[in-house]
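Working notes, beginning with the structure itself.
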Amino acid sequence: MRRLFYKGILAEKIIITGQDAHHLMHVMRAKAGQQVTVVDDEGSVALMEMTAFTAESVELALKERLEGNTESPLELTLVQCLLKSDKMDWIVQKAVELGANKIQPIASRNCVAQYDGKKAKQRQERWQKIADEAAKQCGRTKLLQVEPIMGIKEFLAKSGFGEDNPLYFCYENEEQKTIKEALQASKAKNASVLIGPEGGFTLDEAKAIEEAGGQSVTLGPRILRAETAAIASLSVIQYELGDLG
Ligand code: SAH
């Protein structure tokens, strides 16, 4: 069944406008009497029936409240250095399915993809759209937020990483500390994980990340492609500290 995210709080009657109304009326050709699942800003879920249409809006009536929370107890952020476009699209979709709450795209030294002001904004909007679609498809009760692209220096300067706010820095040159050890030592309710671009991190970047409180960890003896590393790390974090498994 079609799932909608409603910007507001569920009530006996609500009015849907904008893209969602357009989609219901003109793409799905919905008729009065048909039902949709609606998730509100607080993550409450209900089955609602379409009762009336105008040129730009659809009225929905509440039929039944549903037990719906599908969110992980862990607040999870993927900090992903920019990859070629189709790979970023794919990672955004998978991160939503794996229950991440936020994606912070990062421009680092070895990123091949580079976006200036207007392009960067367009990318962010594109990824947010992909994320919103994925959230509907996989039954999330919260939308993942795609942050504006940030340079790595700026990102490290503004984030206070430490024990209460851990950053797992997946580093291809780390040989000792495993992500498993790091996760098993964590008592935090949140986690951020940093994945490099296709070309990896420079030595200077690695040093700066650790100085900013990032814990350098390995995902094992093989070099994974960046997109594999992103999915693998989100999976093991959600397995150890969240709701996967
Ligand atoms: N070109 C680099 C590899 C980059 S892999 C090289 O040949 O060394 C892209 C990113 O995936 C890395 O920056 C890192 O964040 C992550 N990654 C891949 N394999 C990893 C591993 N075994 N341990 C930790 N991180 C890994």
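The values are calculated or read from the model by the stated rules, or taken from the named source; none is laboratory data. Just so it is clear, the structure is predicted and the values come from calculations on it, not from any experiment. Note that we place each Cβ from the backbone using ideal geometry, even for glycine, and neighbour counts take in every protein chain shown. We work out accessible area using only protein heavy atoms, side chains counted, and drop any ligands, DNA or RNA first. Shrake-Rupley method; radii C 1.70, N 1.55, O 1.52, S 1.80 Å.
Structure notes:
- Around the Cα centre of region 130-245, unit charges on the Cβ atoms of Lys, Arg, Asp and Glu (plus for the first two, minus for the last two) sum to a dipole of about 360 debye.
- Taking only the alpha carbons of region 75-241, we obtain Rg and Dmax values of 14.7, 42 Å in that order.
- Theoretical gain in end-to-end length, residue 164 to residue 47 [0.36 nm per residue, Cα-Cα removed]: 38.3 nm
- For the chain, the antiparallel share of DSSP beta bridges with both residues in that region comes to about 40%.
- Residue pairs, from the table 136/180; 7/158; 84/177; 121/142; 87/187; 94/119, whose Cα atoms sit over 26 Å apart: 136/180; 7/158; 84/177; 87/187
- Cut-off 19 Å (backbone N to label point 7 Å along Cα→Cβ of residue 35), residues of region 42-69: 44-52, 59-69
- Expressed as a whole percent, the accessible surface of region 75-241 that belongs to carbon and sulfur atoms is 48, based on a 1.4 Å probe.
- Relative to the Cα centre, the charge distribution of the chain, modelled as +1 at Lys and Arg Cβ and -1 at Asp and Glu Cβ, gives a dipole magnitude of about 640 debye.
- Relative contact order, percent, the chain [alpha-carbon distance under 8 Å, six or more residues apart]: 19
- Since only 144, 188, 214 are under comparison, the one whose Cα sits farthest along the positive direction of the charge dipole of region 98-224, derived from C-beta charges on Lys, Arg, Asp and Glu, is 144.
- Heavy-atom accessible area per residue - region 72-145, 1.4 Å, Å²: 47
- Cβ-derived FRET efficiency at R0 30 Å, residue 85 paired with residue 222, nearest 0.05: 0.75
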